[in-house]
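Trainee: Quick one: structure below, then a few questions.
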């Protein structure tokens, strides 16, 4: 996947159509879906690929996975409204070369009907389509843990990135949530949700070590979440990923810009001063 180019005009036309017809940007979920969309089913995905092509010769893989349990279900809705700002910074400001974005959702494999949803790496407006297919189940187990480790397992073993294979450049993975992973990747959950056979459980530290061979991994804890500012949760992720990769986000409305700026800094394509100027200009443009 990953062909085509993002168009803000196409996005705006889709928004106008939804407004006129009364359809939600998350129609699949809002119209009552309670099973994973076939195009986001990890059992059917096998491998999600970010590939170079004549159109995009130096692809940059960017994956964004949302916790959609409890109070976190509003995060994809917020990001969907900010897609133009994300692509404005990544593409038109040159923060990343040939960005290809994958969206997915994380639930709780111990109790949710839809514990994992994984889209494709896309370069165009199909990113908006994948967001709209996410089931916002709003479940979770209420025990300060969700199945982040299952999502990390999928990303470690079921994605293939040309930025890594051809250029030795890791992609970017953003996990937006407010809880902790379970201690291990469990074979029964992997078999049921993804379809792999594991001989034994994998400690979460081991799957993170495997994952970071292909991705720079970031955890974003939004201020509006149930466990915003929770020191146990922040300390856990700091130990797992390291201080620069854990972001306590004051304003969820800035989630797209935060992702873009983090990528830009990682790619060394923007200085902090330029990033601040770009951010102000993009925000002002949105308000016009």
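Trainee: Let's test the formula: R0 of 25 Å, r as the Cβ-Cβ distance of residue 24 and residue 251. What FRET efficiency results, to the nearest 0.05?
Mentor: Working: r = 24 Å, r/R0 = 0.95.
Efficiency for this residue pair is about 0.60.
Trainee: At what distance in angstrom do the alpha carbon centres of segment 48-63 and segment 208-249 lie from each other?
Mentor: 26 Å
Trainee: Take residue 12 and residue 231, extend 7 Å from each Cα along the Cα→Cβ direction, and tell me the distance between the two endpoints in nm.
Mentor: 4.8 nm
Trainee: Find the centroid of the Cα atoms in segment 104-133 and in segment 173-206, then give the distance between the two in whole Å.
Mentor: 16 Å
Trainee: Between residue 34 and residue 184, how many nm apart are label points set 7 Å from Cα along the C-beta direction?
Mentor: 3.2 nm
Trainee: Please work out, to two decimal places, the log10 of the ratio I(q)/I(0) at q = 0.14, 0.17, 0.19 Å⁻¹ from a Debye calculation in which every Cα of segment 121-178 carries one identical scatterer.
Mentor: Taken in order of the listed q values, log10 I(q)/I(0) reads -0.59, -0.84, -0.99.
Trainee: Something else about it: How much space per residue, in cubic angstrom, does the convex hull of the C-alpha atoms of segment 192-244 take up?
Mentor: Dividing the Cα hull volume of segment 192-244 by its residues yields 133 Å³.
Trainee: Also: Quick one: work out Rg over Rh on the C-alpha atoms of segment 1-105, Rh as Kirkwood radius.
Mentor: Details: Rg = 15.3 Å, Rh = 15.7 Å.
Rg/Rh for segment 1-105 comes to 0.97.
Trainee: Can you give the three extents of the C-alpha atoms in the chain along their principal axes, from longest to shortest, in whole Å?
Mentor: Largest to smallest, the principal-axis extents are 51, 45, 40 Å.
Trainee: When the scattering of segment 118-273 is computed by the Debye formula from its Cα atoms alone, each counted once and equally, what is log10 I(q)/I(0) at q = 0.10, 0.14, 0.16 Å⁻¹?
Mentor: -0.39, -0.81, -1.08
Trainee: Let me ask another. Would you calculate, for the chain, the mean residue ellipticity at 222 nm contributed by helices, counting each DSSP H stretch of 4 or more residues as -39,500 (n - 2.57) and dividing by all residues, to the nearest 500? Could the numbers behind the result be given before it?
Mentor: Working: 13 runs with 112 residues, N = 288.
Computed ellipticity for the chain at 222 nm equals -11000 deg cm²/dmol.
Trainee: With a Cα-only, solvent-free Debye model of segment 76-184, what are the log10 I(q)/I(0) values at q = 0.09, 0.10, 0.11 Å⁻¹?
Mentor: The Cα Debye sum returns log10 ratios of -0.27, -0.33, -0.40.
Trainee: I would also like to ask the following. Based on the mean of other beta carbon atoms within 10 Å per residue, what is the order of 13-25, 97-109, 74-86, 146-158, most packed first? Mind dumping the intermediate values first?
Mentor: Details: 13-25: 12.2, 97-109: 26.6, 74-86: 20.0, 146-158: 24.8.
Taking the mean over residues of other Cβ atoms within 10 Å, the ranking is 97-109, 146-158, 74-86, 13-25.
None of the figures in this text is laboratory data; all of them are computed from the coordinates on show. Computed from a prediction, not measured in an experiment: that's the story for all the values here. Positions of Cβ are generated from backbone atoms using ideal geometry, with glycine treated the same way; all protein chains shown enter the neighbour counts.
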